[in-house]
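A quick write-up on the structure given underneath.
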Amino acid sequence: MDGRGDLSRVRAPSLGTRSLAAWLALALAGCFTPAAEQQRGDDEAKQVEQEMGLLREPALSAYVRAVGAKLTAVSDKPEGPWQFDVVDRPEPNAFALPGGHVYVTRGLLVLTNSEDELAGVLGHEIAHVTARHSTKRMGAAVLTAPLTIASGIAGMAVGIVSPALGNAVAGTGDLISEGLVLAPYSREQEHEADELGQTLAARAGYDPAALPRFLQTLDRDLALLAGQKQRSSFLDSHPLTPDRVARTEERARQLTRAAASPIAGARAAFLARLDGLVVGEDPAQGVFAGRAFLQPALDVALDFPAGWKTRNTNEAAGAISPAQDALVALKVAATDSSLAQVLAKVAAEQSDLDFARFEVGGLKAARTSLSGRGQLVEVTLIEYGRDVYAVVGKCAESAAKQYSPAFRATAASFRALSAKERGSIRESRLRVRAARAGETPAAIGERTGSSWDAAHVAVANEVAVGARLDAGWPVKLALPQAYTPRGR
């Protein structure tokens, strides 16, 4: 749950329920006009910003857009409209939406080692747009949407009439549902995007061989996660087929690179653009310390039920019961508002709701329950500072006696973040350090106190684990530090 309104996990963009029926009809009919594609892309772009969140680093974002502009200027659609943004997520990923919205994650930037590689990825995504692969892929994915939307607790419909209260509950279902994930591109689409993207890169003066080189880096990075929790990756939706690297390497040898100057051509100049990026999860989006959720950007903390699986999204932070038949979540219900104002608005919209008034740690609170279709939603509203928070519990109505105590205990634990809790929050940021002559990735990692092990240092810098580095060679490292609310 992000105090900045950014998404704290990455996934392929989901389809809003407001436009689902219309988009499904278009998908079934196979009818996507340019205007419809642009509107769909614009709608999804708003959702990406709301749910995924964009990186609030103006200089780095402007740099990515400048590289994108060099590529689109030599594309088949130079007039655009094009928009390039960095998604504030740790997973290495990139995707495009119809109409010209192209995204890379900060996790992907952490793994890049040159402007050529960044251009290779952006060119590949631009190609997906100009070849209309993004539209076709969204069409394929939306055909399965009714099953996704109707499944599990995420599909609860409890007949909430009040928009004010509905906003307090909205988004908590994402804690269970993965949402609508776009289908992977086909092998033919990937080959076409590789070829078109490499051609764009060469036309813009970039090394077309940078794309296969970066694909290998992504594959090495994915291999480091063997046996660990699965995360989203560029290779999930852009499969690395056995011959893909060889094909792109051969394609690169056939292309003539235009005479053009990059924006940040030298390794040191490029890495300087990345210096200070948060590596891994961003504490500003909230962190879990055991069953406690600590949100430094909002200055709040809360304890979830012991033994429940915790999860954090942009909309809410919460926990799912071991049987996956209940969830309890924390989210911001209203900003710049008091509890009295929220309750007055709810009463004006739905006068038959009863709220029990009480206090949580000296803070004003109110609780109500809603039921329908055999399901129960219990909402506790808590006023803190200038905002109103909601602790939302969901379960089957028949399980209310079993889970209601856990919902209420969670709400009762709501508190201001203590100095000790705040001091315990750590983060890692990407820093560039000069290697000493003959130093290995393990040695420089140990010398600098990097939170990456030798294998991660090697992969992030595209060298072998046992490589002997030249003196002064710029090395990317993830260096731990106390959480820094502002600046880099």
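Quick notes on this one:
- Whichever residue in segment 348-363 is loosely packed, with under 15 Cβ neighbours inside 10 Å and modelled with pLDDT of 95 or more and, among such residues, is nearest to GLN402 (Cα to Cα): ALA356
- Restricting attention to segment 298-326, the residues that are crowded, with 19+ Cβ neighbours inside 10 Å and within 24 Å of GLN47 (Cα to Cα) total 10.
- When THR448 is tested against (1) closer than 30 Å to TRP473 by Cβ; (2) loosely packed, with under 14 Cβ neighbours inside 10 Å; (3) of a type in the set (S, T, N, Q), just one condition goes unmet, and that condition is (2).
- Candidate set: segment 285-297, residues that are surrounded by 20 or more Cβ atoms within 10 Å (Cβ to Cβ) and of a type in the set (A, V, I, L, M, F, W, C); chosen: the one nearest to VAL392 (Cα to Cα): PHE293
- Only one entry of GLY107, GLY99, GLY123 meets the criterion of being part of a loop (DSSP other than H, G, I, E, B), at pLDDT 65 or above and in the same structural domain as ALA266 (by TED's automatic domain parsing), and that entry is GLY99.
- If you go through segment 367-405 and pick out every residue that is crowded, with 20+ Cβ neighbours inside 10 Å and part of a helix (DSSP H, G or I), you end up with 1.
- Pairs where the first residue, in segment 111-130, is at positive phi and the second is in a helix (DSSP H, G or I), C-beta under 6 Å, 6+ apart: none
- Any chance SER428 is under 30 Å from LEU298 (Cα atoms) and crowded, with 18+ Cβ neighbours inside 10 Å: yes
- Residue within segment 237-260 that is under 18 Å from THR217 (Cα atoms) and in contact with a strand residue (DSSP E or B) (Cβ under 6 Å, 6 or more places away or on another chain) present: no
- First in segment 336-358 and touching a residue at least 60 places away in the same chain (Cβ under 8 Å) and in a helix (DSSP H, G or I), second anywhere and surrounded by 14 or more Cβ atoms within 10 Å (Cβ to Cβ) and polar (S, T, N, Q), Cβ under 7 Å, 6 or more apart: VAL346/SER162; GLU349/SER162
- Looking only at segment 15-70, and only at residues there that are part of a loop (DSSP other than H, G, I, E, B), of a type in the set (A, V, I, L, M, F, W, C) and at pLDDT below 75, the one that is surrounded by the fewest Cβ atoms within 10 Å (Cβ to Cβ): CYS31
- Matching option when the condition is among the hydroxyl-bearing types (Ser, Thr, Tyr) and touching a Lys or Arg at 6+ places or on another chain (Cβ under 7 Å), among THR484, THR440: THR440
- Restricting segment 454-486 to residues that are more than 16 Å from ARG431 (Cβ to Cβ), touching a helix residue (DSSP H, G or I) at 6+ places or on another chain (Cβ under 7 Å) and small (Gly, Ala, Ser), the residue that is surrounded by the most Cβ atoms within 10 Å (Cβ to Cβ) is ALA458.
- Residue match in segment 441-450 (condition: closer than 30 Å to LEU327 by Cβ and either more than 28 Å from the chain's Cα centre (by Cα) or in contact (Cβ under 8 Å) with a residue 12 or more places away in the chain (or both)): no
- Screening segment 332-347 for residues that are in contact with a Phe, Trp or Tyr (Cβ under 7 Å, 6 or more places away or on another chain) and not β-branched (Val, Ile, Thr) and picking the one that is surrounded by the fewest Cβ atoms within 10 Å (Cβ to Cβ) gives LEU343.
The values are calculated or read from the model by the stated rules, or taken from the named source; none is laboratory data. Source: prediction; values computed, not measured. Here Cβ is always computed from backbone atoms with ideal geometry, including for glycine, and neighbour counts include all displayed protein chains.
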